[in-house]
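The block underneath contains the structure these notes are about, expressed in structure tokens.
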Amino acid sequence: MNTKSLLLNMFKVPATTPQFLRNRLHWIGLSLFCSLVYSQQCLSQTDTSAFKSGNIMLTEPKLSGNFGELRSNHFHSGIDFKTDETEGLPVFAPCDGYVSRVKVSRSGYGKALYINHPGGVTSVYGHLRAFYPSINDTVTMLQQQKKVFDVELFPDSTLFKVTAGQLIGFSGNTGSSQGPHVHFETRHTLSERPFNPELAGYQFSDTIPPVIKAVVIYVPVKSAGLAFSERYITEIDAVNILNLTTNLSPSQNFFVGFEGYDLAGVEENNLGIRAYRLKIGDSTVFSCRIDSFLFDETRFVNALIDYPYWMQNRRKFTLCHKLPGNELPFLGSGDGMLTIEAIQSKPLFLEAEDFKGNKTVVELNIVNASSLRLQNQVIPSGSAIKYGVATTLKESNYRLKTQSKSFYEDVILDIRSEPDTTTRQVTRQVATSTRQVTWRVAILPDNIAINQPLELSIKVEPEPLVHESKYVLARVDSAGNLDGYSGVLKDGWLTGKIRNTGIFTVVADTIAPILMEPYFADDVYTGNLKLVLPFQPDLSGITDYKCLIDEKWVCGEFNTARNSIEIFFPGTVAAGYSFKLEVKTEDRVGNIFADKRQIVYGNNTQINIKKHEK
Ligand SMILES: [Zn+2]
């Protein structure tokens with residue numbers, strides 16, 4: 001088969017369909033499918049018994065993450081294998097199948113391989129350093145042809161067959177990865193719904209029950225949301241019975257939360273807990289068991305945790321309470337709301353269980369000290385937003401639109417605005433201006449979980465010298481740092497979507513992604529030489545880039561964690577090797593950085609850079 005027909009064969013969608021549209025089509029297909037098909041039917045279309053999970057790594061890997069772990073804005077959709085903090089460990093196919101998808105991306109799973117197996121199971125390997133040679137060659141060919149680093153292909157079942165135990169790639173740290181590891185995932189091929197690989201027979205030893213570190217009693221403040229709840233936190237240290245003294249009145253609503261994790265072995269990291277329950281005597285008042293979910297549902301993790309406390313204190317409590325907007329399908333019936341009356345002096349049991357059935361049970365005796373009175377609960381001031389109702393809040397200088405499911409519960413928002421006189425800091429060309437351009441809008445509290453995005457508009461009087469397309473919405477953190485959001489300036493209002501509360505302003509981003517001093521380094525994995533091009537952080541983010549060596553396009557690999565581009569030189573590079581490097585980067589608002597320079601590779605990886613004369 002020649003190159004051209006090979007490449008043509010790989011695309012199930014026309015190569016001319018823009019990437020965003022293909023993603024769009026994919027998501028539309030996915031959500032349609034899953035709204036029509038009940039989750040149990042998704043499961044029945046897969047015969048996981050056909051998936052025989054053989055060895056994926058050379059030795060039995062230690063886990064740094066398991067299925068369903070509560071991560072930032074998502075549940076972990078697979079198992080993470082440790083790779084001894086190195087890269088380049090071989091990865092093997094656990095079962096026969098064929099490569100159905102190859103994706104190279106700057107973010108997400110980085111270099112990811114998807115294998116379809118008999119029985120309707122797809123396995124996924126993420127953050128790889130490299131694929132096995134024939135896939136690598138095909139990817140390189142496609143990158144050269146399209147002159148981009150990010151590529152994706154969908155080979156048909158005949159092109160890249162794999163057999164159990166076959167080498168399929170090498171471990172790495174590509175994409176949105178916090179350190180070298182292999183992300184291994186199993187999905188139902190049809191619905192693309194990830195499920196716990198342990199359900200398909202992937203085994204790891206675990207004889208240690210989950211750990212419960214703290215128990216929290218929450219007393220909600222009417223209509224104000226979790227951010228204003230009162231919390232009684234009790235640290236527990238290997239106790240099985242816990243006496244909790246509260247000052248609740250008999251009919252006062254309260255619910256329970258806890259901090260916990262699972263352990264599998266001494267060398268494993270803290271893992272997520274597969275299942276937990278809250279019981280009054282024998283009857284279950286709240287339960288959760290995560291074995292599978294849809295990517296559409298993964299953000300509801302923010303409704304399962306005490307998000308406001310997590311944002312403020314970086315401590316994650318899991319709720320035994322279903323917020324009104326929590327649509328996770330794997331919660332038992334009941335919202336977990338309790339009163340002292342309803343418990344009728346029976347003990348509460350909090351149970352946490354792992355996949356192997358190791359269980360920890362803590363008995364909670366809620367002791368009421370009636371002499372104590374709840375602190376006077378003050379309803380916070382602000383605008384009440386009802387869950388399920390779209391609302392618009394506006395003043396002369398801002399407008400905030402919430403969707404019916406923007407929050408997971410009723411909340412109270414306090415919005416304030418003041419003139420912003422500091423926005424000029426990121427606008428180079430207008431640094432001399434002292435005119436007030438926009439407003440600083442504080443949407444408080446700043447730690448509320450958002451599901452459907454809010455639409456925020458802020459009034460702007462643009463600087464005459466700055467093009468309208470350069471203005472972006474930015475969130476100002478407590479240290480004064482800016483986080484850029486996209487937005488559109490129209491008729492003196494900048495409008496953008498936000499998924500955080502906090503302080504927002506408008507800035508003109510007129511600074512291109514700037515290249516800092518390049519340097520040579522030996523690649524740890526191949527031993528080959530690489531040229532590293534580090535970039536200054538850019539408010540809008542690098543959306544496009546191009547590298548040329550001696551006027552020929554070369555594939556620069558984008559390292560997202562380091563905000564740098566790496567160009568690899570295969571084979572030995574002689575001292576004194578000299579070449580012309582051209583780099584061009586562009587950010588989301590169209591600021592372009594271009595650089596041309598002669599680079600000489602010196603002895604001992606010393607770099608010798610001469611700036612091109614203009
Ligand atoms: Zn992972």
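The values are calculated or read from the model by the stated rules, or taken from the named source; none is laboratory data. None of the values given here were measured: they were computed from a predicted structure. In this analysis, Cβ positions are derived from the backbone assuming ideal geometry, glycine residues included, and neighbour counts consider all displayed protein chains.
Just to be sure before I move on: is G78 closer than 22 Å to N559 by Cα and within 14 Å of the ligand (Cβ to nearest atom) in the structure I sent?
Judged against the criteria, G78 is not a match.
So, in region 64-75, of the ones that are over 23 Å from T48 (Cα atoms) and assigned to a loop (DSSP other than H, G, I, E, B), which residue ends up nearest to the ligand (Cβ to nearest atom)? Residue satisfying both the conditions and the ranking: S72. Within region 179-198, the set of residues being closer than 15 Å to F293 by Cβ, within 15 Å of the ligand (Cβ to nearest atom) and within 17 Å of the chain's Cα centre (by Cα) comprises E185, P194.
Would you check which residues across region 356-373 are modelled with pLDDT of 90 or more and of a type in the set (D, E, K, R) and list them?
Keep residues of region 356-373 that are modelled with pLDDT of 90 or more, which gives 356-364.
Those that are modelled with pLDDT of 90 or more and of a type in the set (D, E, K, R): K356, K359, E363.
In contact with a Phe, Trp or Tyr (Cβ under 6 Å, 6 or more places away or on another chain) and closer than 22 Å to T59 by Cα: does that describe V162? Outline the logic, then answer.
Numbers: in contact with a Phe, Trp or Tyr (Cβ under 6 Å, 6 or more places away or on another chain): no; closer than 22 Å to T59 by Cα: yes.
Considered against the rule, which asks whether it is in contact with a Phe, Trp or Tyr (Cβ under 6 Å, 6 or more places away or on another chain) and closer than 22 Å to T59 by Cα, V162 comes out as no.
Total residues in region 81-110 satisfying the condition of being away from the ligand (no atom under 14 Å from the Cβ) and not in a loop (DSSP other than H, G, I, E, B): the figure is 10.
When you check T174 against the structure, is it in contact with a helix residue (DSSP H, G or I) (Cβ under 7 Å, 6 or more places away or on another chain) and within 16 Å of the ligand (Cβ to nearest atom), yes or no? Against the criterion (in contact with a helix residue (DSSP H, G or I) (Cβ under 7 Å, 6 or more places away or on another chain) and within 16 Å of the ligand (Cβ to nearest atom)), T174 does not qualify.
Within region 367-384, residues that are exposed (fewer than 13 other Cβ atoms within 10 Å of the Cβ) reach partners that are at pLDDT 65 or above and acidic (D, E) with beta carbons closer than 9 Å, at six or more positions or on different chains, in the pairs L374/E230; Q375/E230; S381/D414. With respect to the conditions (1) touching a residue at least 40 places away in the same chain (Cβ under 8 Å); (2) under 30 Å from N563 (Cβ atoms); (3) in contact with a strand residue (DSSP E or B) (Cβ under 8 Å, 6 or more places away or on another chain); (4) away from the ligand (no atom under 16 Å from the Cβ), T140 lacks only one, and its number is (3).
What's the total number of residues in region 501-513 that are in contact with a strand residue (DSSP E or B) (Cβ under 6 Å, 6 or more places away or on another chain) and either of a type in the set (S, T, Y) or not in a strand (DSSP E or B) (or both)? Don't jump to the end; show me each part of the working.
Of region 501-513, the ones in contact with a strand residue (DSSP E or B) (Cβ under 6 Å, 6 or more places away or on another chain) are 501-509, 512-513.
Still in the running and either of a type in the set (S, T, Y) or not in a strand (DSSP E or B) (or both): 501, 505, 509, 512-513.
Residues flagged as in contact with a strand residue (DSSP E or B) (Cβ under 6 Å, 6 or more places away or on another chain) and either of a type in the set (S, T, Y) or not in a strand (DSSP E or B) (or both) within region 501-513 amount to 5.
The residues listed here are L128, L167, L153; of these, the one that is within 16 Å of the ligand (Cβ to nearest atom) and modelled with pLDDT of 95 or more is L128. In summary, strands (runs of 3 or more DSSP E) completely within region 271-366 and bearing 3 or more residues that are of a type in the set (A, V, I, L, M, F, W, C) and in contact with a Lys or Arg (Cβ under 9 Å, 6 or more places away or on another chain) occur at 283-289, 348-353.
Residue by residue, here is whether (1) closer than 29 Å to V466 by Cβ; (2) in the same structural domain as Q143 (by TED's automatic domain parsing); (3) surrounded by 17 or more Cβ atoms within 10 Å (Cβ to Cβ); (4) out of contact with any strand residue (DSSP E or B) (no Cβ under 7 Å at 6 or more places or on another chain) holds:
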{"site": "D544", "(1), (2), (3), (4)": "yes, no, no, no"}
{"site": "I567", "(1), (2), (3), (4)": "no, no, yes, no"}
{"site": "A575", "(1), (2), (3), (4)": "no, no, no, no"}
{"site": "V583", "(1), (2), (3), (4)": "yes, no, yes, no"}
{"site": "R588", "(1), (2), (3), (4)": "yes, no, yes, no"}
{"site": "N591", "(1), (2), (3), (4)": "yes, no, yes, yes"}
{"site": "K596", "(1), (2), (3), (4)": "yes, no, no, no"}
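Restricting region 505-524 to residues that are crowded, with 22+ Cβ neighbours inside 10 Å and touching a Leu at 6+ places or on another chain (Cβ under 6 Å), the residue that is modelled with the lowest pLDDT is D509.
Taking the conditions (1) surrounded by fewer than 20 Cβ atoms within 10 Å (Cβ to Cβ); (2) within 30 Å of G201 (Cα to Cα) in turn, N247 satisfies each one other than (2).
Answer yes or no: is there a residue in region 230-240 that is in a loop (DSSP other than H, G, I, E, B), over 30 Å from I135 (Cα atoms) and not aliphatic (A, V, I, L, M). Break it down stepwise before answering.
Of the residues in region 230-240, the ones in a loop (DSSP other than H, G, I, E, B) are 236-240.
Narrowing further to those that are over 30 Å from I135 (Cα atoms): 236-240.
Checking which are not aliphatic (A, V, I, L, M) leaves us with 237, 240.
There is at least one residue in region 230-240 that is in a loop (DSSP other than H, G, I, E, B), over 30 Å from I135 (Cα atoms) and not aliphatic (A, V, I, L, M).
Which residue pairs have Cβ atoms under 6 Å apart, sit 6 or more places apart or on different chains, and have a first residue in region 121-136 that is on the phi < 0 side of the Ramachandran plot and a second that is within 13 Å of the ligand (Cβ to nearest atom) and among the β-branched types (V, I, T)? Close Cβ pairs (under 6 Å, with a partner that is within 13 Å of the ligand (Cβ to nearest atom) and among the β-branched types (V, I, T)) amount to V121/T186; S123/T186.
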